[in-house]
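Beneath this line is the structure, given in structure tokens, with notes to follow.
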Amino acid sequence: MAVSPRATVAERSWESLRSGTSDFLSVLDAHLGVRIPGFLPPSECAALARRVYAGRPFWISDFDGVQFSLGRAWYTHLEQDREDEYFANARTSDAVVERMLPGMQGLLCEAISTLVGAPAVKREGWCGPGVHIFPAGEWLSHNGGDVHYDNEGLSDEQCARRSRALTLVLMLQSPESGGALRLWDVTFAGTDDVSEQELQSPRADVDYRVGELLVLDSYRLHQIQPFTGTRDRISATAHAAWDESGSRWEVWF
């Protein structure tokens, strides 16, 4: 049986996207996601990963050490009833990320602006882009992540209108084997519950390499796959949405 284009992942060079020769949002609408090889050189990603480890005293532990982050991630705080802690420490979180990874938040905001052709700024009062660390040999590496959508930072009105929203993931350090991001041809339809029938929908596993940027619609169902080896999975993440005023994109972690 032929695979529908909707169940494939597009690939575009960063050069073509920067030059405007590709209509990024149209490409994204026709595929499960878009992978962008060569967004950063592997050597630069390795240097960033070393800085992530140097910032270990500042890592945020989530779900009893199942995963960690440099910078505070909204969804982990929401799911652990730590929303007040997230907002109270947003400025400190951004200061730590900027200290350990100078320019990384701005780089991802600029990438979003380039892709969508509109201004992209950090959402006021929220934490800017950060880094997820999934430890090798621990629970998530054996079991994979939760199957989910990235709609936690969107208002009910935004979800109802299906306002544009994107998730960007930049691979800084890949595991030795596995750890792909599985994308399903399923999008948010008003409930976070996922049926067995939806899990049988067409899908693609994106086993992206160091320095590659993966962009997906935040309403798309996805899951980190299990991985093996002694190397942690480290990725920088930014979420972005067309703001309520309709004049710019807002970015958070």
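For the reader, a short list of remarks on this structure follows.
- Matching option when the condition is among the polar types (S, T, N, Q) and under 17 Å from the mean Cα position of the chain (by Cα), among Ser43, Ser61, Ser69: Ser69
- The residues in the stretch 164-199 that are more than 19 Å from Val9 (Cβ to Cβ) and either in contact with a Leu (Cβ under 7 Å, 6 or more places away or on another chain) or without any contact (Cβ under 8 Å) to a residue 12 or more places away in the chain (or both) can be counted, and the count is 8.
- Qualifying position, being more than 21 Å from Ala49 (Cα to Cα), in contact with an Asp or Glu (Cβ under 8 Å, 6 or more places away or on another chain), modelled with pLDDT of 95 or more and buried (at least 23 other Cβ atoms within 10 Å of the Cβ), among Leu170, Leu166: Leu166
- Number of positions in the stretch 1-50 that are part of a helix (DSSP H, G or I), farther than 28 Å from Ser69 by Cβ and among the polar types (S, T, N, Q): 3
- Trp139 being open to solvent by 60 Å² or more (accessible area, probe 1.4 Å) and either at pLDDT 95 or above or aliphatic (A, V, I, L, M) (or both): yes
- The stretch 7-22 - residue that is surrounded by fewer than 13 Cβ atoms within 10 Å (Cβ to Cβ) and more than 20 Å from Gly211 (Cβ to Cβ) and, of those, farthest from the chain's Cα centre (by Cα): Thr21
- One residue from Pro226, Pro202 being in contact with a His (Cβ under 9 Å, 6 or more places away or on another chain) and touching a residue at least 60 places away in the same chain (Cβ under 8 Å): Pro226
- Summed over the stretch 117-134, the residues that are assigned to a loop (DSSP other than H, G, I, E, B) and open to solvent by 20 Å² or more (accessible area, probe 1.4 Å) give a count of 6.
- Residue match in the stretch 215-225 (condition: in contact with a helix residue (DSSP H, G or I) (Cβ under 8 Å, 6 or more places away or on another chain) and of a type in the set (Gly, Ala, Ser)): no
- Where a residue in the stretch 6-22 is under 20 Å from Cys109 (Cβ atoms) and modelled with pLDDT of 90 or more and its partner, wherever it lies, is open to solvent by less than 80 Å² (accessible area, probe 1.4 Å) and assigned to a helix (DSSP H, G or I), with Cβ under 8 Å and at least six apart: Arg12/Phe24; Arg12/Val27; Leu17/Phe24; Leu17/Thr114; Leu17/Leu115; Arg18/Thr114
- Matching residues, the stretch 62-106, being among the hydrophobic types (A, V, I, L, M, F, W, C) and without any contact (Cβ under 8 Å) to a residue 40 or more places away in the chain: Phe63, Phe87, Ala88, Ala90, Ala95, Val97
- Condition met for Phe39 (more than 22 Å from Tyr208 (Cβ to Cβ) and surrounded by 13 or more Cβ atoms within 10 Å (Cβ to Cβ)): no
- Taken across the stretch 140-149, residues that are more than 30 Å from Ala47 (Cα to Cα), touching a Ser or Thr at 6+ places or on another chain (Cβ under 8 Å) and without any contact (Cβ under 8 Å) to a residue 40 or more places away in the chain do not occur at all.
The values are calculated or read from the model by the stated rules, or taken from the named source; none is laboratory data. Predicted model, so just to flag it, every value in this text is computed and none were measured. Ideal geometry is used to build each Cβ from the backbone, glycine not excepted, and the neighbour counts take in all protein chains shown. Side chains included, ligands, DNA and RNA excluded: accessible areas come from the protein's heavy atoms. Shrake-Rupley method; radii C 1.70, N 1.55, O 1.52, S 1.80 Å.
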